[in-house]
Amino acid sequence: MGTSTENASVEQQLLSFLEERTKTPWTPDRDLFADGGLSSLFAMELVVHLESTFGIMVAGPDLQLTNFRTVNAMVAMVDRLRQAAGE
């Protein structure tokens, strides 16, 4: 279900959201937490943002910091959850 166009759109939206909220430019593979850029509280804000923006439910095993460490990881999770919801 996920196409590279959809994934690029998710990536752009997430990069824009992060830059707007943190006033810092981000790259898709930059570790959002290791660089001291974001807190665990912000991770919860990301969960809410992903759920409301992309119509997914992030729960259980998906609530791992590794799924939110980079924009690339979040794009992959959104794609996987969208595909699972479509089945």
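The values are calculated or read from the model by the stated rules, or taken from the named source; none is laboratory data. If you're wondering where the values come from, they're calculated on a predicted model, not measured in any experiment. A quick note on method: Cβ atoms are made from the backbone with ideal geometry, for glycine too, and the neighbour counts reach across all protein chains shown. SASA here: full protein model, heavy atoms, side chains in, ligands and nucleic acids out. Shrake-Rupley method; radii C 1.70, N 1.55, O 1.52, S 1.80 Å.
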*How high is the relative contact order of the chain, in percent, counting Cα pairs under 8 Å that sit 6 or more residues apart?*
39 percent
*asked:* What number comes out for accessible area per residue over the chain if the probe is 1.4 Å? Units Å², please.
replied: 57 Å²
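What percentage of the solvent-accessible surface of the chain, computed with a 1.4 Å probe over protein heavy atoms, is contributed by carbon and sulfur atoms?
That fraction is 54 percent.
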*asked:* Using only DSSP helix segments of four residues or longer, with each worth -39500 (n - 2.57), what per-residue ellipticity at 222 nm results for the chain after dividing by its residue count and rounding to 500?
replied: -19000 deg cm²/dmol
*Per-pair calculated FRET efficiency, R0 = 30 Å: residue 8 and residue 34 via Cβ, rounded to 0.05*: 0.75
*Scanning the chain for helices, which whole DSSP H stretches are 20 Å or more long along the axis (Cα) and average 0.0 or more by Kyte-Doolittle?*
40-54, 71-86
*Once the convex hull of the C-alpha atoms of the chain is built, how many Å³ does it hold per residue, rounded to a whole number?*
83 Å³
